[in-house]
Structures are given as structure tokens and as C-alpha cells.
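A short worksheet on the structure shown next.
No lab work stands behind these numbers, since they all come straight from the coordinates. Note that the coordinates shown come from a computational prediction; the quantities given were computed from them, not determined experimentally. Quick reminder, even Gly has a Cβ in these numbers, built from the backbone with ideal geometry, and neighbours come from all protein chains shown.
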Amino acid sequence: MPLRTKKHWFGIVLDAPDARELAHFYERLLGWQIFNEADDWVDLAPSKDAGYNFAFATEKHYVRPVWPTEIGTPQMSMHLDLEVDDLEEAVAYAVGVGAELAAYQPQETVRVLLDPAGHPFCLYLDTDDPA
């Protein structure tokens, strides 16, 4: 039996050395709203009733992941994929709000960026979309 609740809700949490700083970066990047902001935890969502959120937790022992991965170094445990309409414009915007373009770029239609805490995320074009 799959996990079920009366209310469907989904959330992702990223650890960071400063939850507030990282949440405010993603607030600028995604244009979402911050809810429940505290020193050690922040919730971000497109609206209070969206049914999902993106949260950030302050972790005092946080170690920045390395991209691309290297043996013996901290590795990402997940990354975000964000579809965009114009890759060059989206990369410029992301860098403008605080992202860093990763040195290694494995694909032509994908750009790997790092958020201020070093979590990789990808901006990509849907090349299968006929529009």
C-alpha cells in the first residue's frame, strides 16, 4: 500500500550553513514566497496552499558538496532540475541572483549551476517539446 494521507503534500529540504540565506536565494530564483522563517528552518512555496514546499535547514556541520564528484569528497545527495524557455537568459538570471555556473557542463541543452551553499541544480531545455 502506498503512503497516503488525507491531505496530499510534498516537500524537499536542503541542509545549509544558513537556512535563511539559502531560502532567500531560492525565493529570488523561483519567485516563490517565504513562510515560517526562523534561524534554523525556512519554508518556501509558490503559495501557502500549493500542496508542496521547498524547505531549508541550518546544519552547523554542513560541508559543501563537490561537483563533479570526486572520490573522497562530499557528494551531492540530490539535485534540482528546472525546465526553462531560454537557457542563456535563465543562466544569466540565476547568476544574477547569486548562483555560480559550474565549471563542468556535461550537456548542450543543460547548464549545471551551484547555489550559494554549493548544491548543484540544472537548468534545461526540453528538446522533445514541439512548441
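Brief remarks follow.
- Structure-derived Rg and Dmax of the Cα atoms in Å: which label, when the choices are (i) 15.8, 46; (ii) 14.7, 44; (iii) 16.2, 50: (i)
- Charge sum, other residues only, whose C-beta stays under 11 Å from ASP40's C-beta, Lys/Arg counted +1 and Asp/Glu -1: -3
- Qualifying chymotrypsin sites (Phe, Trp or Tyr not before Pro) in the range 1-89, DSSP loop, other Cβ atoms within 10 Å at most 15: TRP9
- Phi angles across the range 95-106 convert, under the Karplus curve 6.51 cos²θ - 1.76 cosθ + 1.60 with θ = phi - 60°, into 3J(HN,Hα) values of 5, x, 9, x, 7, 10, 6, 5, 5, 9, 10, x Hz, Gly and Pro given as x.
- Taking 0.36 nm per residue of separation and subtracting the Cα-Cα distance, full extension of the segment from GLU21 to ALA103 would add 27.2 nm.
- For the pair the range 77-103 / the range 26-74, the C-alpha centres are spaced 15 Å from each other.
- Straightening the chain between HIS61 and LEU82 buys 4.8 nm, computed as 0.36 nm per residue apart minus the Cα-Cα spacing.
- Beta bridges by DSSP in the chain, antiparallel share as percent, to the nearest 5: 55 percent
- The phi-based Karplus calculation (6.51 cos²θ - 1.76 cosθ + 1.60; θ = phi - 60°) puts the 3J(HN,Hα) values of the range 10-27 at 9, x, 10, 10, 10, 7, 7, x, 9, 4, 4, 4, 5, 4, 5, 4, 5, 4 Hz, whole numbers, x for Gly and Pro.
- Sites matching chymotrypsin sites (Phe, Trp or Tyr not before Pro) across the range 64-131 that sit in DSSP coil, with at most 12 neighbouring C-beta atoms within 10 Å: TYR104
- Considering only GluC sites (Glu not before Pro) in DSSP loops that have at most 13 other Cβ atoms within 10 Å, the longest stretch of the chain without any of them is 1-69.
- Interchain or long-range residues, amide H under 5 Å from LEU14's placed H: ALA55, PHE56, ALA57
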